[in-house]
Amino acid sequence: MPTSNPRHPRFPIPGGNEIRARGWRQEALLRLLENVLSVGEDPDNLVVYAALGKAARNWASHDAIVHALKTMDEDQTLIIQSGKPIGLVKTHAKAPLVIMANCNIVGQWAKAEVFYELERKGLICWGGLTAGAWQYIGSQGVIQGTYEIFMRIAENRFDGDLAGRFVLTAGLGGMGGAQPLAGRMAGAAILCVDIDPERAAMRKEIGYLEEIAPDLDAALEMIAAAVREKRATSIGLVGNAADIYPEIARRGITPDIVTDQTSAHDLVYGYVPKAYSLEQVREMRKSNPAELMAASRASIVDHVRAMLAFQERGAEVFDNGNLIRTHAKDGGVENAFDIRIFTEAYLRPLFARAIGPFRWMAQSGDPEDIRKIDDRLLQMFPDNRIVTNWIQLARRHVPFEGLPSRIAWLGHGERTELALAVNDMVQKGELAGPITFSRDHLDAGAMAHPNIMTERMQDGSDAIADWPILDAMLLCSSMADLVVVHSGGGGYAGYMTSAGVTVVADGTAAGSERLSHALTNDTALGVMRYADAGYEESRDEIARRSIGYIDLA
Ligand code: NAD
């Protein structure tokens, strides 16, 4: 039975034993589509997160996808082009059930303006990665990533501890909303600025944000008190980051850590320029996108100049994957890239071993399934400090959103071992239903994004999109249930390409075969990609795990 969803009453959270499709594989994918809407930011418009990231092109496409998933057989494949179902063809039971290509525009044409024009004509939509691939699990999906970044900074600069440290950030949307909880879990006093009072109120309601300050003075006092007492806290502040950051800098206050997760990647549908109200911006998105774009860029210039000022005064400043430096540089901030990207600064040694955000979701809707998998995971990997620490913390602090799910940073071999153990649990009836496995697109072999994932790769291969395309082809050959190739849309047009994958643990022997091939080959390619770029950690992993890399070095 689906359960009610107070946040979006029209979009219940799927679950239960009753299946509407012709098999669990198809049913599971249908539930994932329903789930991204139930936890999405604006499901009435099919928008899941990142300003424009959509689950389907339009409602007619959505309904046709639902119909196809309910009526297709296991030996058919549904083809989806940028959120629109194109056809259902006969393949075989080991082929993917769904293949998608989302928002891939030919090189010289891959620009925001062309994207908006194609979108206006109804020819394309941006899948926002986990939105279009039906893998989004709410803000909980990025919490561990954000937490690990804070902990790396703690280890590098603050003796392993953020107690008594002030973190300044902005953006309380679908992804950015994870920041207050991740900051508090890391022990910091974190101030999160957002222009939209509803977004801030929502994060407080679901327990991610502790307090909302009435104004900047009060916010800074609350932070100062928490810093003095070395007390972890998360404070929200409604305001424009392009006003608030420079004002904090002007007062001579220097936070310990500064970042930003406003939807700065999209100058029209995402970022809100200062001196404009939300209502004005909503209206201008239709009436005057060109002026809005220019105003957003000008505000981002001020916003990033303040971040650079904090960096010059000794704060740890990083870009959290929203292209804010890119737009600042276009606006004339020549040294915007003095701010480092989080992947290169903190996470690359993990990606070089294909350790990245791996997630699983209980199709039954029963949170007990996730707890039982937590227990199994802790038994299986007692020496993996990152995972054991995270699972204990997540159990205590991270509320479920939508279908109960968990995300944990696991690497090559570990993902397959866990998935096979879980498939076995499903087969033995130890869990209430099947489990789906997917991973973030921000993963070793899966993403080319020269301003985020692959910035300053050791061999300069930052912009080569062969890797995600190879990954998607490999996943199709490796029996995955859903495979997708995404490129950027909106402000990300021309900036990235990635591959996504979902595999269903339905408790069958065929399920084990699918999980084993797809998950093993996905991470093997990730390790090979980094080995090919010259990373020592990858070569070590190749030797340790006998990965079939052809070494021409
Ligand atoms: P979202 O659209 O759901 O939320 C963005 C938030 O920013 C909104 O709440 C909006 O009100 C606020 N905002 C916009 N302009 C502002 C301003 N000038 N001052 C203060 N607040 C402002 O987007 P999201 O899903 O939270 O994603 C945020 C950004 O992070 C996007 O650019 C996204 O692509 C990027 N992202 C990064 C990662 C990563 O791994 N680091 C992962 C996913 C998304």
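So the values come out like this:
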item	result
Qualifying positions in segment 237-250 - touching a residue at least 12 places away in the same chain (Cβ under 8 Å), out of contact with any Asp or Glu (no Cβ under 6 Å at 6 or more places or on another chain) and more than 11 Å from Thr169 (Cα to Cα)	Val238, Gly239, Asn240, Asp243, Glu247, Ile248, Ala249
Among (1) farther than 19 Å from Gln135 by Cα; (2) in contact (Cβ under 8 Å) with a residue 40 or more places away in the chain; (3) in contact with a strand residue (DSSP E or B) (Cβ under 7 Å, 6 or more places away or on another chain) - the single one Leu519 does not satisfy	(1)
Whichever residue in segment 229-260 is more than 25 Å from the chain's Cα centre (by Cα), away from the ligand (no atom under 15 Å from the Cβ) and of a type in the set (Val, Ile, Thr) and, among such residues, is farthest from Val317 (Cα to Cα)	Ile253
Where Pro289 falls short, out of the listed (1) at pLDDT 95 or above; (2) over 24 Å from the mean Cα position of the chain (by Cα)	(1)
Among the residues listed as Ala465, Ala432, Ala419, the single one being small (Gly, Ala, Ser), under 30 Å from Pro2 (Cβ atoms) and surrounded by fewer than 24 Cβ atoms within 10 Å (Cβ to Cβ)	Ala432
Search result, residues across segment 13-61 that are over 22 Å from Ala432 (Cβ atoms), away from the ligand (no atom under 16 Å from the Cβ) and crowded, with 22+ Cβ neighbours inside 10 Å	Ala56, Arg57, Ser61
Selection status of Ala154, touching a residue at least 12 places away in the same chain (Cβ under 8 Å), in contact with a strand residue (DSSP E or B) (Cβ under 8 Å, 6 or more places away or on another chain), more than 16 Å from the ligand (Cβ to nearest atom) and among the hydrophobic types (A, V, I, L, M, F, W, C)	no
Tally, over segment 340-379, of residues that are under 23 Å from Glu541 (Cα atoms) and within 14 Å of the ligand (Cβ to nearest atom)	12
Helices (runs of 4 or more DSSP H) lying entirely in segment 304-385 (those with 2 or more residues that are in the same structural domain as Arg406 (by TED's automatic domain parsing))	367-380
Answer residue from segment 321-339, given it is surrounded by fewer than 24 Cβ atoms within 10 Å (Cβ to Cβ) and within 25 Å of the chain's Cα centre (by Cα) and is farthest from the ligand (Cβ to nearest atom) among those	Asp338
Some residue of segment 476-483 being assigned to a loop (DSSP other than H, G, I, E, B) and touching a Cys at 6+ places or on another chain (Cβ under 9 Å)	no
Qualifying residue in segment 250-265 (condition: assigned to a helix (DSSP H, G or I), surrounded by 15 or more Cβ atoms within 10 Å (Cβ to Cβ) and modelled with pLDDT of 95 or more)	no
Wholly enclosed strands (runs of 3 or more DSSP E) of segment 93-197 bearing at least 2 residues assigned by TED's automatic domain parsing to the domain that holds Arg231	166-170, 189-194
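The values are calculated or read from the model by the stated rules, or taken from the named source; none is laboratory data. All values reported here derive from a predicted model rather than from experimental measurement. Note that each Cβ is placed from the backbone with ideal geometry, even for glycine, and that neighbours are counted across all protein chains shown.
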